[in-house]
Structure formats: C-alpha cells, structure tokens
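Q: Encoded as structure tokens, here's the structure I'll be asking about.
The values are calculated or read from the model by the stated rules, or taken from the named source; none is laboratory data. Being a predicted model, the structure only gives us computed values, none of them experimental. Please note: Cβ atoms are built from the backbone with ideal geometry, for glycine as well, and neighbour counts cover all protein chains shown. The protein model used for the area step is the full one, side chains on, heavy atoms only, and it has no ligands, DNA or RNA in it. Shrake-Rupley method; radii C 1.70, N 1.55, O 1.52, S 1.80 Å.
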Amino acid sequence: QVQLVESGGGLVQAGGTLRLSCAASGRTFGTYHIGWFRQAPGKEREFVASISRTGGATYYSSSVKGRSNISRDNAKNTAYFLMNSLKSEDTAAYFCATSSVAWLTPGSRFDNWGQGTQVTVSS
C-alpha cells in the first residue's frame, strides 16, 4: 500500500478556490484509483470525487460537480482536487484514498486513507 499525505487545506473565504494535493509514497501510485472524500463535524464521511488509474475516468458528487476538478500526475505520484465557488458547507476534513478495484465506478470501495487536511470556509 502507498502512504498518502494530503496538503493544501486551511482557511478560505467563501467564493474562493481550494486546491488540495495528495502525495503518495512508493512506485505503485499509478496502479491505484484515487478518491477524495470529506467529513464535516457531526456528519458521516462522504464521497467527493474520484479518478481512475490513468485519469481517463472521473466521477463527482452532485454537491461539487460543475465547480471542481480532480486530476493526477502519476510521474509525480500526486493527485489533486481543485474546487471553486466555495461555500460554508464545504467546510470539512478532506481525505484522499486509494482503490484497487479492477474498474472504477462511483461506488467503488476505497481502503487506504491519508490523515486528512482541514478546510474551513469563512463567510
């Protein structure tokens, strides 16, 4: 399993833009699908976006679709999540994770997680 480290969180103004990074150790990063999830205080962790091994397939939750983009650079062992038009309800801890399933689907299981990075949107 690769180890994942998220970065890029912090305090962002409403309407602003967020760019998160997920850096992975090891040489097998390109063999995993990558997902981004978030968990707000008192709520369950929810799916945000995912990207397949080669980047050919991406999926987004309805709450972020149209104002976000997930990408990856396998040469740099890093995945990214960019979101604009931030709202207070985007405040959460954001996690990246890997999946080893054969084909990525919106409901694919992710089983290796980073520690998360906190994002707080101020109004």
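Q: Using beta carbons and a limit of 8 Å, which pairs, at least six apart or on different chains, have the first residue in the range 101-117 and among the aromatic types (Phe, Trp, Tyr) and the second one open to solvent by 20 Å² or more (accessible area, probe 1.4 Å)?
A: Correct list of pairs: Phe110/Phe37; Trp113/Phe95.
Q: Condition (residue is part of a loop (DSSP other than H, G, I, E, B), farther than 17 Å from Asn112 by Cα and modelled with pLDDT under 95) applied to the range 28-41: is it met by at least one residue?
A: Yes; the residues of the range 28-41 include at least one that is part of a loop (DSSP other than H, G, I, E, B), farther than 17 Å from Asn112 by Cα and modelled with pLDDT under 95.
Q: Report yes if some residue within the range 60-69 is surrounded by 14 or more Cβ atoms within 10 Å (Cβ to Cβ), charged (D, E, K, R), touching a residue at least 12 places away in the same chain (Cβ under 8 Å) and in contact with a Ser or Thr (Cβ under 6 Å, 6 or more places away or on another chain); otherwise report no.
A: Yes, because at least one residue in the range 60-69 is surrounded by 14 or more Cβ atoms within 10 Å (Cβ to Cβ), charged (D, E, K, R), touching a residue at least 12 places away in the same chain (Cβ under 8 Å) and in contact with a Ser or Thr (Cβ under 6 Å, 6 or more places away or on another chain).
Q: Of everything in the range 80-120, what is open to solvent by 10 Å² or more (accessible area, probe 1.4 Å) and in a strand (DSSP E or B)? Give them in sequence order.
A: Tyr80, Leu82, Ala93, Phe95, Asn112, Trp113, Thr117, Gln118, Thr120
Q: Please specify each residue of the range 14-59 satisfying the condition of being touching a His at 6+ places or on another chain (Cβ under 7 Å) and open to solvent by 30 Å² or more (accessible area, probe 1.4 Å).
A: Arg53
Q: When you check Glu6 against the structure, is it surrounded by fewer than 18 Cβ atoms within 10 Å (Cβ to Cβ) and either of a type outside the set (Gly, Ala, Ser) or under 15 Å from the mean Cα position of the chain (by Cα) (or both), yes or no?
A: The answer is no for Glu6.
Q: In this structure, is Lys43 among the charged types (D, E, K, R) and in contact with a strand residue (DSSP E or B) (Cβ under 7 Å, 6 or more places away or on another chain)?
A: no
Q: Quick check: is even one residue across the range 50-73 part of a loop (DSSP other than H, G, I, E, B), closer than 19 Å to Gln3 by Cα and of a type in the set (A, V, I, L, M, F, W, C)?
A: no
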